[in-house]
Amino acid sequence: MRLFRGHGVFWCARLCNPLVADSCPADHVCGAGSATVSTCYRKCDPVEPRSCGEGWSCVSVSEDMTQWGCRPASR
């Protein structure tokens, strides 16, 4: 679950380990799911605004902003 401006967004995501290269499928990246858990996100290109598709946003999912993944768009 993600909270954004008082709204909760739920979606299913596979748990992963950022220290294990293949803990996510090939077209995904392992990123911050919460303060204590990492989850797999579908890879996206931050330069291409529509790379995630309708209803999704391409956001940085790592502290160093090198990994980008799709998550439900906040309304």
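The lone criterion from (1) in contact with a Pro (Cβ under 6 Å, 6 or more places away or on another chain); (2) modelled with pLDDT of 85 or more left unmet by Val9 is number (2). Checking each residue of segment 23-30 against the condition of being surrounded by 11 or more Cβ atoms within 10 Å (Cβ to Cβ), modelled with pLDDT under 90 and part of a loop (DSSP other than H, G, I, E, B) gives no match. On the stretch given as segment 50-75, residues that are out of contact with any Cys (no Cβ under 7 Å at 6 or more places or on another chain) and not in a strand (DSSP E or B) total 14. Report, by residue number, each residue of segment 31-43 that is surrounded by 19 or more Cβ atoms within 10 Å (Cβ to Cβ) and more than 9 Å from the chain's Cα centre (by Cα). Answer for segment 31-43, where residues must be surrounded by 19 or more Cβ atoms within 10 Å (Cβ to Cβ) and more than 9 Å from the chain's Cα centre (by Cα): just Ser38.
The values are calculated or read from the model by the stated rules, or taken from the named source; none is laboratory data. Every value quoted in this text rests on a predicted model; they were computed, and no experiment measured them. Virtual Cβ from ideal backbone geometry, glycine too; neighbours counted across all protein chains shown.
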